[in-house]
Amino acid sequence: MISHHQLDVLVREVLESKSCKRASDGIAVLLEQNPAHLAHLLRDHEVEQVEDWKELQFRDDVDTLLHGYAILEIGFLVGLPVPSEERGLRRRMALELGAVALRRYYERYYPLRLPEALRLRLDGELALRVEATEGGPDPEAIFRSFVTAVRNRRDDDDIEMFLWFLDDGFEAEEGLPDLRALVASPHALAASLAKPPVLKSPVDHAAAGLLRYVEYCGRLLGLLERAAAYPLLQSALWHLESYWFSHRAASERVPDLVTRAIGSLAGAEDGPAEVEERHAILRTLADPRFARPLADRLDEDATKPRRA
Amino acid sequence: MKNHTWGALSLARTVDSFALWAERPTAKTAVVFVHGFGGSAQATWSEFDTLAPADPAFANVDLIFYGYDGKGPHVTESSRWLFDFLDLLSSHAATLANAGLVAEAHRDPGFSYERIVLVGHSLGAVVARNALVLATKYWPRAWAQRCELVLFAPAHLGSRTSEWATAVLSGIPVIPALAQMFFKVPADLAVGSQVLANLRSDVDSLVPEHPWLGARLVVEAEPDHVVMNGAYPGDPYPEPLSPSTNGFRNHIRVCKPSPAFPRPFEILRGVIG
């Protein structure tokens, strides 16, 4: 009994944050008044660096908005009703996802397959759907659990600090090199984890975040395995967090940090088995097989002739 | 067949609580999951939230994953907050459920639960039983009599030395010397703490006339290197479970069913009947 009410609840949850509203308002104004500036704001950072904090915030807001759209697409995939043409939500989604500057941002510069799938759905070109199998797990329950886990991860300030470091970010002049050094020392790591919150520095938060992130990865893998009966759903869920698993720097750095941190805490006797267990989870999450079912369906669709 | 609707429970002093509301208006049972130290409403009970909605035994059961700050406050505060939540759940169940349910599945305004199964893990087991003591001895509530306790690796006998901190670290077995040096047991859960002594004394004196203060079922992790195992007034003989050979990890995994370790889910299904 998935209803419009459930859709409204999900929309409130994922599209009505301050960040999403700022992004939507900004896109609407720029589309009307200065589309070229919107394109500039959403440029490829490899071509032209983005350093101005206002630009960084706008892009961050757009990323949050796209994340919300990605979640909605998975909601539609498991049966949430797609809003009708008359609803403002549908018009807003179609306008934003169809904007040339935004499409270039999420389809070319920083490819995100779920917003692309949602755009195709809204355009009436590809409506992907996962049906529950008789006696199988409920796809919506898996979707909900996954979304809850991802939301908890995004709300966890320690994990956010760790991921910021992983992306070469610095806070109070501390960054990834400091985290590497900290987790390599059993004494320093244990002291860091035992500090009361008020005494923690950014690298202390990142160290705690690293351990919780590894636990989070185990939970995600469990949910992906539960979705094994529905490869398309499994793939869509994976795509929601794929940046952290497939992004090259992250996929190389996290196992190294895990080796150091768990080796430090668990010692020579238990350490190797503990480290290998976590490495196995990270390796599985980085497996490109998860990417394929959704990517293949989108790529197949891209080769179809379009209406004139 | 889909039986439940997901809904967030954004209430004062709760953290990331959520519910899976049974869509059948005949629902009369609520299962309230209470996590432990450093746990969370979802992660502690990993896979209960996907397994239960797909199981016909839970079709008439509301599943409530209660979240709270399990690190900062004292056990007595956490217990009172859970008491407040249960009070609200008992008196305003229809309001809470209907906010998440579609109109066809709405409950009558006078709806209330016939059974409330409190499932607690570790510290959550202490918090849950303490909330029931509050609702029995100090601020008597009729709903207390409709409660049943199901406890996984309860911390009511105290936690083991400083190895407790490993629970926060996802079951990583910390080198003992490091643990001794840096990690302290939360005072409320140290063996022989005043909080645990008061709880035991209350339960001991009250349980003969208030049997709901004794657990319906207790599951122990075997071995458990985080909390002390043993007998407790009013509780039945515990069922030992060993999801792993590692006593740290056992403590954390004993309440996490999976395809390879279905027993925690089977146990709860058996209680629901």
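The values are calculated or read from the model by the stated rules, or taken from the named source; none is laboratory data. The structure presented is a predicted model; accordingly, all values stated were derived computationally and were not measured. Glycine also receives a Cβ, built like all others from the backbone with ideal geometry; neighbour counts cover every protein chain displayed.
Looking at A:ASP168, A:ASP155, can you tell me which residue is of a type in the set (D, E, K, R) and within 14 Å of chain B (Cβ to nearest Cβ)? Step through it out loud before you land on a result.
Numbers: A:ASP168 fails: within 14 Å of chain B (Cβ to nearest Cβ).
The conditions single out A:ASP155.
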Which is more than 15 Å from B:HIS210 (Cβ to Cβ), of a type outside the set (Ser, Thr, Tyr) and touching a Leu at 6+ places or on another chain (Cβ under 8 Å), of B:VAL127, B:VAL102? B:VAL127
Note on region B:227-248: residues out of contact with any Leu (no Cβ under 8 Å at 6 or more places or on another chain) and closer than 23 Å to B:LEU132 by Cβ are B:ALA231, B:PRO233, B:TYR237, B:PRO238
Kindly indicate whether B:GLY67 is out of contact with any strand residue (DSSP E or B) (no Cβ under 6 Å at 6 or more places or on another chain) and within 14 Å of chain A (Cβ to nearest Cβ). yes
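Quick check on region B:86-97: of everything there that is in a helix (DSSP H, G or I) and surrounded by fewer than 19 Cβ atoms within 10 Å (Cβ to Cβ), which residue is farthest from the other protein chains (Cβ to nearest Cβ)?
To start, the set of residues in region B:86-97 that are in a helix (DSSP H, G or I) comprises B:86-91, B:93-97.
Filter again for surrounded by fewer than 19 Cβ atoms within 10 Å (Cβ to Cβ), leaving B:87-88, B:91, B:94-95.
Values: B:ASP87: 25, B:LEU88: 20, B:SER91: 23, B:ALA94: 16, B:THR95: 15 Å.
Ranking the qualifying residues of region B:86-97, first place goes to B:ASP87.
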Looking at region B:5-35, which of the residues that are facing chain A (nearest Cβ under 9 Å) and under 17 Å from A:GLU13 (Cβ atoms) is surrounded by the fewest Cβ atoms within 10 Å (Cβ to Cβ)? B:ALA8
If A:TYR105 meets every condition in (1) modelled with pLDDT of 95 or more; (2) surrounded by fewer than 21 Cβ atoms within 10 Å (Cβ to Cβ) apart from one, which number is that one? (2)
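Only residues that are part of a helix (DSSP H, G or I) and facing another protein chain (nearest Cβ under 8 Å): list them for region A:135-150, please. Show your work before the answer.
Of the residues in region A:135-150, the ones part of a helix (DSSP H, G or I) are A:139-150.
Residues satisfying the conditions are A:GLU140, A:ALA141, A:ILE142, A:ARG144, A:SER145, A:THR148, A:ALA149.
Specify which of the listed residues (B:GLU220, B:GLU163) is buried (at least 17 other Cβ atoms within 10 Å of the Cβ) and at pLDDT below 90.
Numbers: B:GLU220 fails: at pLDDT below 90.
Answer to the check: B:GLU163.
Only residues that are part of a helix (DSSP H, G or I) and in contact with a strand residue (DSSP E or B) (Cβ under 8 Å, 6 or more places away or on another chain): list them for region B:111-130, please.
Of region B:111-130, the ones part of a helix (DSSP H, G or I) are B:123-130.
B:GLY124, B:ALA125, B:VAL126, B:VAL127, B:ALA128, B:ARG129, listed by residue number.
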Given (1) in a loop (DSSP other than H, G, I, E, B); (2) of a type outside the set (Ser, Thr, Tyr); (3) within 14 Å of another protein chain (Cβ to nearest Cβ), index of the condition B:ASP108 fails: (3)
Within region A:63-107, track down each residue that is of a type outside the set (D, E, K, R), more than 22 Å from A:LYS18 (Cα to Cα) and in a loop (DSSP other than H, G, I, E, B). A:VAL78, A:GLY79, A:LEU80, A:PRO81, A:VAL82, A:PRO83, A:SER84
Among the residues of region B:43-58, are any acidic (Asp, Glu), under 24 Å from B:HIS92 (Cβ atoms) and within 14 Å of another protein chain (Cβ to nearest Cβ)? yes
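Okay, residues lined up against (1) in a loop (DSSP other than H, G, I, E, B); (2) touching a residue at least 60 places away in the same chain (Cβ under 8 Å):
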residue: B:TRP6; (1), (2): no, yes
residue: B:ASP16; (1), (2): yes, no
residue: B:ALA19; (1), (2): no, yes
residue: B:LEU51; (1), (2): no, yes
residue: B:GLY70; (1), (2): yes, no
residue: B:THR76; (1), (2): no, yes
residue: B:LEU82; (1), (2): no, no
Looking only at region A:234-260, how many residues end up being within 15 Å of the chain's Cα centre (by Cα) and aliphatic (A, V, I, L, M)? 4
